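Trainee: The structure follows.
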Amino acid sequence: FPKNDFSGGIPHFGSKSLRDLFLGKNSLTGTIPDSFDEKRELEVLSLRANRLIGSIPKSLAKATALKKLDLSFNKFSGEIFEDLSNLIQLREFRLNDNHFEGTFPNFLGSFQQLEVVNVNNNLLTGDLALPLAVGDLEYLKEFAFQNNELKGVVPEFICDLLLDVLTADCWGTSSPIDCPCCTQCY
């Protein structure tokens, strides 16, 4: 149901066998309902470009069939919590252009099918201490984390992945991120 100018909260979908939910580019407001623990077969959740607020509900970590999670271009806040590491089938992890806080989600290395990580334009802080497991993500093609408050060095094992897109805050003489292989610096 993208681009329909729906407004109000996210409606309740009673079907437990719901597989794809595209509600992007509408005018939805409010928070994500806490009923995603019932959606065990949900593979795609796209709430992109709405006016949603609040944090990611813990119940979303129980939607273990998720392959695509796109919450980008909203006003979500809070931390990207560790329980999301249960979503081991994820291929796309798009949380960009929100107000997420806390440290970089280091559990991303457990998503062996991961192709896209986009967490840029948030309020993430601290050291970019990527675990070695991220270097084993053979399908990863896009990794964007610029416009946060992260600092550190992009490890050589990330450079070895030969990504199509690797973006960071690595511009200028005192850049917070040292990235010798970024495709674009901000």
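The values are calculated or read from the model by the stated rules, or taken from the named source; none is laboratory data. Note that this is a predicted model, so its numbers are computed, not measured. Glycine also receives a Cβ, built like all others from the backbone with ideal geometry; neighbour counts cover every protein chain displayed. Accessible surface is based on the protein model in full, side chains and every heavy atom, while ligands, DNA and RNA are left aside. Shrake-Rupley method; radii C 1.70, N 1.55, O 1.52, S 1.80 Å.
Trainee: For the range 1-103, what is the number of Lys pairs with C-alpha distance below 19 angstrom, counting only pairs 8 or more positions apart or on separate chains?
Mentor: Lysine pairs, 8 or more places apart or on different chains, close enough: 17.
Trainee: Here's a follow-up. Per residue, what volume in Å³ does the Cα convex hull of the chain take up?
Mentor: Here the figure is 100 Å³ per residue.
Trainee: Through the Karplus equation 6.51 cos²θ - 1.76 cosθ + 1.60, θ set to phi - 60°, convert the phi angles of the range 104-112 into ³J(HN,Hα) values in whole Hz; use x for Gly and Pro.
Mentor: Karplus-based 3J(HN,Hα) across the range 104-112 equals 4, x, 6, 6, 4, x, 7, 8, 5 Hz.
Trainee: Further question on the same structure: Compare the peptides 104-116, 128-140 by average per-residue count of other Cβ atoms within 10 angstrom and give them in order, highest first.
Mentor: Ranked from most to least packed, the peptides come out as 104-116, 128-140.
Trainee: Please list, ordered by chain and number, the residues whose modelled amide H lies under 5 Å from the amide H of Asp97; skip anything fewer than 5 residues away on the same chain.
Mentor: Phe73, Asn120, Asn121, Asn122
Trainee: Taking K and R as +1 and D and E as -1, what net charge do the other residues with C-beta under 10 Å from the C-beta of Gly135 add up to?
Mentor: -4
Trainee: Now a separate question. Sequence-distant or interchain residues sharing an amide H contact under 5 Å with Glu79, placed H: which?
Mentor: Amide H neighbours of Glu79: Glu101.
Trainee: With +1 on each Lys and Arg Cβ and -1 on each Asp and Glu Cβ, how big is the dipole of the chain about its Cα centre, in debye rounded to the nearest 20?
Mentor: 800
Trainee: Related question: Just to check I understand the Karplus step: with θ = phi - 60° and J = 6.51 cos²θ - 1.76 cosθ + 1.60, what whole-Hz values come out for the range 41-55, glycine and proline as x?
Mentor: Karplus values, whole Hz, x for Gly and Pro: 9, 5, 9, 10, 10, 10, 10, 4, 6, 10, 10, 7, 10, x, 9.
Trainee: How do 54-61, 117-124 rank on mean C-beta neighbours within 10 Å, highest first?
Mentor: Result, highest mean first: 117-124, 54-61.
Trainee: Right, another one. Restricting to the chain, what percent of DSSP beta bridges are antiparallel, rounded to 5?
Mentor: Looking only at bridges with both residues in the chain, the antiparallel portion is about 0 percent.
Trainee: Another question, if that's okay. What does the accessible area per residue of the range 127-186 come to in Å², with a 1.4 Å probe and no ligands, DNA or RNA counted?
Mentor: Result: 54 Å² of accessible area for each residue.
Trainee: Still on this model: If each DSSP helix of 4+ residues adds -39,500 (n - 2.57) and the sum is divided by the residues in the chain, what number results at 222 nm, nearest 500 deg cm²/dmol?
Mentor: One gets -500 deg cm²/dmol as the mean residue ellipticity at 222 nm.
Trainee: Could you tally the net charge around Asp70, taking each other residue with its Cβ under 14 Å from the Cβ of Asp70, Lys/Arg +1 and Asp/Glu -1?
Mentor: Here the count lands on 0.
Trainee: Here's a follow-up. Please list, in chain and number order, the residues 5+ apart from Gly9 or on another chain whose amide H is under 5 Å from its amide H, with Hs placed from the backbone.
Mentor: Distant-sequence amide H within range of Gly9: Thr29.
Trainee: Once you have the Kirkwood Rh of the range 40-92 from its Cα pairs, apply Stokes-Einstein at 37 °C and 0.692 mPa s and quote D in µm²/s.
Mentor: Translational D for this selection: 288 µm²/s.
Trainee: Here's a follow-up. Under 10 Å from the Cβ of Glu92, count the other residues' Cβ atoms, weight Lys and Arg +1, Asp and Glu -1, and hand me the total.
Mentor: That sum, taken over residues with Cβ under 10 Å, equals +1.
Trainee: Additional query: Pop a pseudo-label 7 angstrom from the Cα along the beta-carbon direction at both Cys185 and Thr31 and give the gap in nm to one decimal.
Mentor: Distance between the two pseudo-spin positions: 4.1 nm.
Trainee: Ok, one more. Set Lys and Arg Cβ to +1 and Asp and Glu Cβ to -1, take the dipole of the chain about its Cα centre, and tell me which of Pro57, Phe73, Ser27 lies farthest positive.
Mentor: After comparing all options, I get Ser27.
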